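The values are calculated or read from the model by the stated rules, or taken from the named source; none is laboratory data. Predicted, not measured: the structure shown is a model, and the values here were computed from it. Here the Cβ positions follow ideal geometry from the backbone for every residue, glycine too, while neighbour counts run over all protein chains shown. Side chains included, ligands, DNA and RNA excluded: accessible areas come from the protein's heavy atoms. Shrake-Rupley method; radii C 1.70, N 1.55, O 1.52, S 1.80 Å.
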Amino acid sequence: EDKVVQSPLSLVVHEGDTVTLNCSYEVTNFRSLLWYKQEKKAPTFLFMLTSSGIEKKSGRLSSILDKKELFSILNITATQTGDSAVYLCAVFRGGYNKLIFGAGTRLAVHP
Amino acid sequence: DAMVIQNPRYQVTQFGKPVTLSCSQTLNHNVMYWYQQKSSQAPKLLFHYYDKDFNNEADTPDNFQSRRPNTSFCFLDIRSPGLGDAAMYLCATSRGVSGGEETQYFGPGTRLLVL
């Protein structure tokens, strides 16, 4: 059965800290892995990763994929209160053409 | 700006009274998805359209139906809402399903309350 597992499920840090969010997967016919940020509304797209070892970066956020070990990490450096959200990892399964979502990591950044 | 629009943002209905949620997109994407998301849970795919081809998830209740009259619009019909159908309903679109085109972009969601 396909599964995407995120850890930790929740995390509390202080502004300025660096955090690493983890996502492991077992999905048949893997096509890509996507990260989304969800505040109190719809998920917003952060990154799509398809190749191992190539870091995607956007400001203080970066992500990398390891297709051999079947995991991805999302790093956030110098966290700010505006980074507080649920971060969703999802794997796109080819054939069925659907995203398999993890349960999310709830990040709270305190001043 | 190209975007995914959902109406209404909040919908209150009565137990058993049919309700329709709408989604439109200006991205000219081929694929449109409907998700149900309950509190503190990941989005759950209900069905999707690739152009006119409808793809239903095996565990989507028959109570949920969808229509896509044209590229821009997609509707979610809940024929007889139950209390358990109260949730956020998210519409998403993607250009395709492979080659990097599978990135999904979400609308703001419709929060459904069933009384």
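Remark: relative contact order (chain A) = 37 percent; criterion is Cα-Cα distance under 8 angstrom and separation of 6 or more residues. Ranked from largest to smallest solvent-accessible area, with a 1.4 Å probe on the protein heavy atoms, B:Ser98, B:Ser40 come out as B:Ser40, B:Ser98.
Computed 3J(HN,Hα) for the stretch A:40-51, one whole-Hz value per residue from the Karplus formula 6.51 cos²θ - 1.76 cosθ + 1.60 where θ = phi - 60°, is 7, 7, 6, x, 10, 6, 10, 9, 10, 10, 10, 10, glycine and proline marked x. Among the protein heavy atoms, those of A:Glu15 account for about 90 Å² of accessible surface (1.4 Å probe, every chain in place). The figure for A:Val27 is an accessible area of roughly 20 square angstrom, using a 1.4 Å probe on the protein chains alone. Ordered by 1.4 Å accessible area with all protein chains kept, A:Glu55, B:Glu102, A:Glu1 run largest first as A:Glu1, A:Glu55, B:Glu102. Sequence-ordered 3J(HN,Hα) estimates for the stretch A:71-76 from the Karplus curve with 6.51, -1.76 and 1.60 and θ = phi - 60° stand at 8, 9, 10, 10, 9, 10 Hz, glycine and proline given as x. Taking R0 as 25 Å, what FRET efficiency do you get between A:Phe45 and B:Leu115 from their Cβ-Cβ distance, rounded to the nearest 0.05? The formula returns an efficiency of 0.15 here.
Look at the alpha carbon pairs under 8 Å that are at least 6 residues apart: their mean separation over the length of the stretch B:52-101 gives a relative contact order of 23 percent.
Computed over protein heavy atoms with a 1.4 Å probe, the carbon and sulfur contribution to the accessible area of the stretch B:1-72 reaches 45%.
Annotation note: chymotrypsin sites (Phe, Trp or Tyr not before Pro) in the stretch B:1-89 located in DSSP loop regions with a Cβ neighbour count of at most 13 within 10 Å are B:Phe15. Taking R0 as 30 Å, what's the FRET efficiency between A:Gln80 and B:Ala58 from their Cβ-Cβ distance, rounded to 0.05? After rounding, the FRET efficiency stands at 0.10. Converting phi to 3J(HN,Hα) with the Karplus coefficients 6.51, -1.76 and 1.60 and the offset θ = phi - 60°, the stretch B:69-84 yields x, 7, 4, 7, 10, 8, 10, 10, 10, 10, 6, 8, x, x, 4, x Hz in sequence order, with x at every glycine or proline. DSSP beta bridges fully contained in chain B are about 90 percent antiparallel. Could you work out the local net charge near B:Asp62, counting Lys and Arg as +1, Asp and Glu as -1, over the other residues with Cβ closer than 14 Å to its Cβ? Residues close to B:Asp62 contribute a combined charge of -3. With a 1.4 Å probe, what is the total accessible area buried between chains B and A, in Å² rounded to the nearest 100? Rounded to the nearest hundred, the buried surface is 1600 Å². Within the same chain, lysines fewer than 8 places from A:Lys98 are excluded, and of the rest, those with a Cα less than 24 Å from its Cα are A:Lys3, A:Lys37, A:Lys40, A:Lys41, A:Lys56, A:Lys67, A:Lys68, B:Lys38, B:Lys44, B:Lys52.
With the simple model of a label 7 Å out from the Cα in the direction of the Cβ, A:Lys3 to A:Ser58 spans 2.9 nm. Each Lys or Arg adds one and each Asp or Glu takes one away; over the other residues whose Cβ falls under 13 Å from the Cβ of B:Gln6, this sums to +3. The listed residues B:Ile5, A:Ile54 rank as A:Ile54, B:Ile5 when sorted by accessible area, largest first, using a 1.4 Å probe. Each Lys or Arg adds one and each Asp or Glu subtracts one; over the other residues with Cβ under 13 Å from the Cβ of A:Gly102, this totals +1. Rolling a 1.4 Å probe over the heavy atoms of the protein chains gives the protein assembly as shown an accessible area of 49 Å² per residue.
With a simple spin-label model that places each label point 7 Å from the Cα along the Cα-to-Cβ direction, the separation between B:Asp77 and A:Asn29 comes to 2.9 nm. Between B:Gln14 and A:His14, the modelled labels are 5.6 nm apart [label points 7 Å from Cα along Cα→Cβ].
Taking all Cα pairs closer than 8 Å and separated by 6 or more residues, the relative contact order of the stretch A:56-111 comes to 28 percent.
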